[in-house]
Amino acid sequence: MEAWKAGLEDVIAGRSAICQVDGEAGRLYYRGYEIGDLTAHVPFEDVTALLWLGELPGAGESERFKARLGAARGLPGPVRDLLQSLPRDTHPLDALRTAVSLAATFDPDTRASDPEANLRKAVRLMILLPETVAAWQRIRNGKTPVSAPTSLSHAAYFLNLVDGHAPSPEVARVLDVVLTLHADHELNASTFAARVAVATLADLHAAIVSAISTLKGPRHGGANEDVLAMLLEIGEPSRAERFVESRLGARAGLSKHERGNPQMRVPGFGHRVYRVDDARARVLRGMAKSMAEATGRQKLFEIAERVYDAMRARTTLPVNVDFFSAVVYDALGIPPDFCTSIFAVGRVAGWCAHALEQFADNRLIRPRAEYIGPAPRAVAAR
Ligand SMILES: CC(C)(COP(=O)(O)OP(=O)(O)OC[C@H]1O[C@@H](n2cnc3c(N)ncnc32)[C@H](O)[C@@H]1OP(=O)(O)O)[C@@H](O)C(=O)NCCC(=O)NCCS
């Protein structure tokens, strides 16, 4: 048997033609296209088609794909009723997970997992997530969910659902880029969870529920909200360096287990695969700066820059996608506990792509554990 690797680090756990991560160079490719090239030239809907179908759609195909997404728009009545019944302090990701679980019960293709049925479900899930996330954000703030003009792009439609009015083209473009940057990332924890579910031949909704559940933790997508909460807690650029120093300093003298506590780490830094700052972080840093300037939220950007410099001076940990995206979310008026839901609205494209790929060429994912417990022994007389 292969030697055990903690956290499956660097273990090849599957083959995929969707996404390539070059951790040494900090580069990311979707089906061979570099992420910066995609964000500069391709809208999120076409990126989704690329991830699912393998090639960038031509003009006609792109229109047909957008029309399919557009036709799925609207918050299903049962999901709306469910959200209305939830305690108002329910975490947005818990509301989302529960809504997807409920949607499985009335999806017309629930019991089918052939390629066409899966594609129809993927389209519905692409829409269900933003509809649910936006509706819950309104309901928990005492507002009524709204509908939005169907002519809007995916990103603009979502922002309209959240805010009750269409965003400016500039703001819609920012979210479009953010969604593409989050759309996929190889075998990250939530995508792996989705593929494990699919490999048992559980259905697509089950896979997406597994993925949302896994995204929530602070080692993964949950770091997004921790970053924004941290920057707000620091409050002033002049306090950033001291904050970093005291958080890193507090780690000295702690056991490895204690150092693993998210409160003892600086969220938004470190990565299992990247050794250097990645391309997504570079794009987000630029956007965070211009968005912060455009919305008068420069102070938070300044705090983020100071934290970044303080981490650079003291560690070799790369900055990750969650760090500057939190500044962008703040400039968009998004509160900390809503950040990871936006991540999910983008990543559902990748979850579905990987699920479709797994369905197309499946074998049960069932690794082994190296047993380290007691040797076989008899139960003593009792
Ligand atoms: C992303 C992450 C989970 C990767 O984990 P990993 O590859 O398993 O790396 P480890 O948790 O083994 O960390 C390796 C060492 O770097 C330290 N480290 C990693 N990230 C750190 C951070 N953000 N702040 C402080 N120390 C960090 C660890 O404490 C560990 O040292 P130790 O064992 O002496 O305590 C980890 O870097 C992290 O927790 N980052 C903060 C949360 C975050 O931003 N998550 C989003 C990822 S996109």
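The values are calculated or read from the model by the stated rules, or taken from the named source; none is laboratory data. These numbers come from a predicted model, not from an experiment. Every residue, glycine as well, gets a Cβ built from its backbone with ideal geometry; the counts of neighbours run over all protein chains shown.
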Selected residue (only one of 259, 272, 265 is touching a residue at least 12 places away in the same chain (Cβ under 8 Å), surrounded by fewer than 19 Cβ atoms within 10 Å (Cβ to Cβ), charged (D, E, K, R) and within 14 Å of the ligand (Cβ to nearest atom)): 272
Filter result (touching a residue at least 12 places away in the same chain (Cβ under 8 Å) and among the aliphatic types (A, V, I, L, M)) within the stretch 9-40: 13, 17, 18, 21, 25, 28, 35, 38
Qualifying residue in the stretch 47-54 (condition: farther than 21 Å from residue 195 by Cβ and surrounded by 15 or more Cβ atoms within 10 Å (Cβ to Cβ)): no
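Consider residue 36 carefully, then state whether it is within 19 Å of the chain's Cα centre (by Cα), surrounded by 12 or more Cβ atoms within 10 Å (Cβ to Cβ) and within 16 Å of the ligand (Cβ to nearest atom).
Taking the combined requirement at face value, the residue does not satisfy it.
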Complete set of residues in the stretch 241-256 that are more than 8 Å from the ligand (Cβ to nearest atom), part of a helix (DSSP H, G or I) and free of Cβ contacts under 8 Å to residues at least 12 places away in the same chain: 242, 246, 249
Failed item, numbered, when residue 327 is tested on (1) out of contact with any helix residue (DSSP H, G or I) (no Cβ under 7 Å at 6 or more places or on another chain); (2) closer than 19 Å to residue 235 by Cβ; (3) not charged (D, E, K, R): (1)
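Yes/no per residue for (1) assigned by TED's automatic domain parsing to the domain that holds residue 193; (2) assigned to a strand (DSSP E or B); (3) among the aromatic types (Phe, Trp, Tyr):
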site: 1; (1), (2), (3): no, no, no
site: 4; (1), (2), (3): no, no, yes
site: 11; (1), (2), (3): no, no, no
site: 28; (1), (2), (3): yes, yes, no
site: 39; (1), (2), (3): yes, no, no
Failed criterion for residue 238 (all others in (1) more than 12 Å from the ligand (Cβ to nearest atom); (2) modelled with pLDDT under 95 hold): (2)
The stretch 115-151: number of residues that are over 12 Å from residue 68 (Cα atoms) and not in a helix (DSSP H, G or I): 10
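Has the stretch 174-184 got at least one residue that is among the hydroxyl-bearing types (Ser, Thr, Tyr), under 23 Å from residue 33 (Cα atoms) and away from the ligand (no atom under 14 Å from the Cβ)?
yes
Here's the yes/no breakdown for (1) under 17 Å from the mean Cα position of the chain (by Cα); (2) surrounded by fewer than 22 Cβ atoms within 10 Å (Cβ to Cβ):
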| residue | (1), (2) |
| --- | --- |
| 127 | yes, no |
| 150 | no, yes |
| 158 | yes, no |
| 189 | yes, yes |
Of residues in the stretch 3-30 being within 16 Å of the ligand (Cβ to nearest atom), of a type outside the set (D, E, K, R) and within 21 Å of residue 280 (Cα to Cα), the one surrounded by the most Cβ atoms within 10 Å (Cβ to Cβ): 28
In the stretch 275-311, the residues that are farther than 19 Å from residue 240 by Cβ, buried (at least 19 other Cβ atoms within 10 Å of the Cβ) and within 12 Å of the ligand (Cβ to nearest atom): 278, 280
